[in-house]
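The structure that follows is given in the form of structure tokens.
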Amino acid sequence: MNSLSKLIGDENYSKLEELGNPHVMRIVERYVRLCKPAEVSVITDDPDEIAYVRELAIRNGEEMRLRMEGHTVHYDGYYDQARDKENTRVLLPPGMRVSPWIKTIDRDEGLREIHQLLDGAMRGKEMLVRFFCLGPRSSRFSICALQLTDSAYVAHSEDLLYRTGYEEFKRLRGSSAFFAFIHSAGELDERGCSKNIDKRRIYIDLIDGKVYSVNNQYAGNSLGLKKLALRLAVYKSHQEGWLAEHMLIMGVHPPGKGRVTYFTGAFPSACGKTSTAMLPGNTIVGDDIAYLRIDEEGNARAVNIECGIFGIIKDVNPVDDPVIYKALTTPKELIFSNVLVVDGVPYWLGMGRELPKRGINHSGEWWEGKLDEEGNPIPPAHPNARYTLRLRDLENVDPRLEDPEGVIVEGILFGGRDSDTNVPIYEAFNWGHGVYVGATIESETTPAALEKVGVREINPMAMLDFLVIPVGKYLSDYIEFGRRLKRVPRVYAINYFLKHEGRYLNDKLDKKVWILWAEGRIHDEYDALKTPVGYMPRYEDLNPLFREALNKDYRREDYELQFSLRIDRLLERMRRIEAFYGSEPDMPEEFWKIHNQIKADLKALREESGRSMVPPSYFE
Ligand code: SPV
Ligand code: MN
């Protein structure tokens with residue numbers, strides 16, 4: 001008997017051996033020896049083994065059953081409710097450069113530290129060894145991923161969110177071309193939450209294609225396949241000439257036209273990405289991460305590397321998000337996290353009904369008025385509370401979700417949480433300008449990361465936290481990607497959050513109209529107004545769309561207010577863009593050319609019109 005089979009038992013060993021992959025064997029052996037779990041379970045694609053993981057999460061207390069069939073709840077630690085930017089670092093070898101805001105640690109030093117933290121981290125626990133496929137099976141887009149974790153919640157979540165990939169690993173034929181993720185929640189407290197949060201670490205080894213994550217549970221920190229894999233994919237795609245993006249993919253179905261047009265869309269976390277992907281009347285391919293490649297005919301094609309949703313539950317209610325609300329209130333396999341639970345029923349902020357005054361939430365037993373250690377009132381549910389479910393359990397799932405060729409992307413949306421600058425939607429003049437639009441998304445920070453909320457920041461393609469290559473190189477890749485395309489997607493700047501005198505100017509479902517307008521533009525159905533920032537919709541086109549899509553009266557004065565160019569605001573933003581990108585050495589030349597042109601045109605417009613806010617009628 002060899003040493004690994006002695007260590008993990010014959011049954012586990014033979015499952016590994018069947019893959020014929022010495023790299024997998026080596027990684028498993030190394031981390032079983034280091035993490036010292038009491039037990040190991042190698043999980044294949046067999047439904048019984050997958051069910052074992054689901055049951056284990058209940059048995060070990062990481063999830064509790066709720067009243068509705070298939071629903072469970074999971075709690076992360078009170079201080080582990082979002083992505084941990086401070087402790088997420090790229091392991092930096094000499095000579096490598098990353099984007100300036102990405103945290104790094106010397107590679108040798110980081111590897112030493114993380115391996116010390118992993119030493120014995122799984123004592124008394126069970127290590128799960130899991131195989132997944134990022135992307136549809138048998139697809140040139142897809143990447144195999146190995147996950148070692150001592151959290152059944154992590155492994156169960158990944159079952160809802162990703163395709164299992166044991167059989168895909170066999171197709172690797174022994175190659176090392178897969179990502180590997182080593183996660184331990186570390187020592188747990190009486191609620192089953194990670195105890196040593198001061199020793200939380202997420203270290204990303206770009207060179208070796210591995211990510212190490214310890215002393216945390218929140219999915220954005222712990223699930224290897226989500227944002228940890230995105231960072232590895234950004235590095236890999238840069239080397240190989242494709243794009244790894246923080247993007248939804250959706251099929252837009254204009255009523256009565258009998259066609260579907262696929263869009264991708266990048267929005268910073270908690271800025272309407274999932275709501276867009278789940279808009280009534282359309283179909284969802286994905287809501288978070290897409291890989292884009294160019295096909296032989298020169299089309300941009302995209303796949304969703306996930307097959308589930310880890311969505312923000314706050315503000316999901318029957319009026320604003322009817323499709324999601326229905327999905328959350330019908331029986332299916334579904335994990336709620338960090339919501340309020342009373343008598344086996346989940347409650348969340350903004351669900352459109354009054355919440356109970358006591359129950360169980362992310363702080364343990366909760367009552368109205370309860371304060372945390374710092375004296376802050378604890379809300380009934382966390383603003384970053386989430387739900388996890390499978391796309392195939394939704395009635396609006398797009399039939400192309402598992403298509404190994406992906407879908408042809410004809411439109412791209414870029415949006416942020418912007419209360420005072422951008423109009424609700426405009427179209428970029430061309431690809432280069434579209435890249436500029438994506439690179440200059442500006443958004444107010446949200447509870448999806450552990451940082452101050454409401455601070456304005458530039459967030460290139462909503463990738464700020466994941467851009468492990470220099471931003472100038474990333475943007476040059478984008479420009480180059482467009483140059484190689486024969487059919488270039490149209491690009492749209494979109495903003496759901498514009499306010500006037502403290503009040504939102506749009507209802508949440510108005511986004512339906514903006515997207516139908518964009519879709520119609522792609523099919524040459526609408527004219528547009530040429531402005532210095534891009535092409536804007538005409539009232540004549542939006543008004544009937546509001547009527548048909550929402551049965552709403554769209555008043556001209558609402559249009560005028562929403563679509564006025566706020567020149568001073570736009571110029572202020574341009575100064576922030578200059579500060580943000582000014583010291584980046586690798587910026588594509590085209591970026592500054594476009595920037596300077598828009599700036600000159602805006603100044604000329606202010607001069608010529610004598611106004612700082614120019615209504616759309618000015619451009620007719
Ligand atoms: C996001 O915050 O962008 C998410 C959730 O999609 S996670 O990255 O997993 O925290
Ligand atoms: Mn995301």
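Going by what's in this entry, would N304 be described as closer than 23 Å to P399 by Cα, modelled with pLDDT of 95 or more and open to solvent by less than 10 Å² (accessible area, probe 1.4 Å)? Before the answer, list the steps.
Numbers: closer than 23 Å to P399 by Cα: yes; modelled with pLDDT of 95 or more: yes; open to solvent by less than 10 Å² (accessible area, probe 1.4 Å): yes.
Considered against the rule, which asks whether it is closer than 23 Å to P399 by Cα, modelled with pLDDT of 95 or more and open to solvent by less than 10 Å² (accessible area, probe 1.4 Å), N304 comes out as yes.
Out of curiosity, is G281 modelled with pLDDT of 95 or more, within 15 Å of ligand 2 (Cβ to nearest atom) and either surrounded by fewer than 24 Cβ atoms within 10 Å (Cβ to Cβ) or not polar (S, T, N, Q) (or both)?
Considered against the rule, which asks whether it is modelled with pLDDT of 95 or more, within 15 Å of ligand 2 (Cβ to nearest atom) and either surrounded by fewer than 24 Cβ atoms within 10 Å (Cβ to Cβ) or not polar (S, T, N, Q) (or both), G281 comes out as no.
Right, here's the next one. Kindly provide the set of residues from the range 454-466 that are within 16 Å of ligand 2 (Cβ to nearest atom) and touching an Asp or Glu at 6+ places or on another chain (Cβ under 8 Å), ordered by number.
E457, N459, M461, M463, L464
Let me ask another. Taking the residues in the range 253-278 that are more than 26 Å from S419 (Cα to Cα) and in a strand (DSSP E or B) as candidates, determine which candidate is most open to solvent (accessible area, probe 1.4 Å). Can you show your working first?
Step one: filter the range 253-278 for residues more than 26 Å from S419 (Cα to Cα), giving 253-262.
In the following step, the residues that additionally are in a strand (DSSP E or B) were identified as 261-262.
Working: T261: 0, Y262: 20 Å².
Only one residue tops the list, namely Y262.
Which of the residues spanning the range 440-466 are open to solvent by 30 Å² or more (accessible area, probe 1.4 Å), more than 10 Å from ligand 1 (Cβ to nearest atom) and not basic (K, R)?
E444, L450, E451, V453, G454, V455, E457
Let me ask something additional. Run G174 past the list (1) without any contact (Cβ under 8 Å) to a residue 60 or more places away in the chain; (2) out of contact with any Ser or Thr (no Cβ under 8 Å at 6 or more places or on another chain); (3) more than 14 Å from ligand 1 (Cβ to nearest atom); (4) of a type outside the set (D, E, K, R) and report the number of the one that doesn't hold.
All conditions are met except number (1).
Okay, residues lined up against (1) part of a loop (DSSP other than H, G, I, E, B); (2) surrounded by fewer than 19 Cβ atoms within 10 Å (Cβ to Cβ); (3) within 16 Å of ligand 1 (Cβ to nearest atom):
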{"position": "G311", "(1), (2), (3)": "no, no, yes"}
{"position": "V319", "(1), (2), (3)": "yes, yes, no"}
{"position": "M351", "(1), (2), (3)": "yes, no, no"}
{"position": "N384", "(1), (2), (3)": "yes, no, yes"}
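Test of understanding: among V437, V471, V488, which residue is within 21 Å of the chain's Cα centre (by Cα), within 22 Å of D527 (Cα to Cα) and either more than 16 Å from ligand 1 (Cβ to nearest atom) or outside the structural domain of E589 (by TED's automatic domain parsing) (or both)?
The unique qualifying residue is V437.
While we're here: Being of a type outside the set (S, T, N, Q) and outside any helix (DSSP H, G or I) is true for just one of E548, E451, E480. Which residue is that?
Only one candidate passes the filter, namely E451.
Just to be sure I understand the filter: pairs with C-beta atoms under 8 Å, separated by 6 or more residues or on different chains, first member in the range 577-601 and modelled with pLDDT of 95 or more, second member in a helix (DSSP H, G or I) and open to solvent by 50 Å² or more (accessible area, probe 1.4 Å). Which pairs pass?
Taking only residues 6 or more apart or on different chains, the pairs are D586/K473; H595/E578.
Further, regarding this structure: Read through the list (1) touching a helix residue (DSSP H, G or I) at 6+ places or on another chain (Cβ under 6 Å); (2) under 25 Å from Y79 (Cβ atoms); (3) within 16 Å of ligand 1 (Cβ to nearest atom); (4) of a type outside the set (S, T, Y), then give the number of the only condition that A152 fails.
Going through (1) touching a helix residue (DSSP H, G or I) at 6+ places or on another chain (Cβ under 6 Å); (2) under 25 Å from Y79 (Cβ atoms); (3) within 16 Å of ligand 1 (Cβ to nearest atom); (4) of a type outside the set (S, T, Y) one by one, A152 breaks only (3).
Taking S337 and the conditions (1) closer than 21 Å to N396 by Cβ; (2) within 15 Å of ligand 1 (Cβ to nearest atom), which numbered condition does it fall short on, given that it satisfies the others?
Result: S337 passes all but (1).
Here is a follow-up. With Y436, Y478 as the choices, which residue is of a type in the set (F, W, Y), closer than 28 Å to I102 by Cα and out of contact with any strand residue (DSSP E or B) (no Cβ under 8 Å at 6 or more places or on another chain)?
Y436
Residue by residue through the range 353-382, note down the ones that are open to solvent by 20 Å² or more (accessible area, probe 1.4 Å), assigned to a loop (DSSP other than H, G, I, E, B) and among the hydrophobic types (A, V, I, L, M, F, W, C).
The answer is L355, and nothing else.
The values are calculated or read from the model by the stated rules, or taken from the named source; none is laboratory data. This is a predicted model, so every value here is computed, not measured. Cβ sites come from the backbone with ideal geometry, for glycine too, and all protein chains shown count toward neighbours. These area figures cover heavy atoms from the full protein model, side chains too; ligands, DNA and RNA do not enter into them. Shrake-Rupley method; radii C 1.70, N 1.55, O 1.52, S 1.80 Å.
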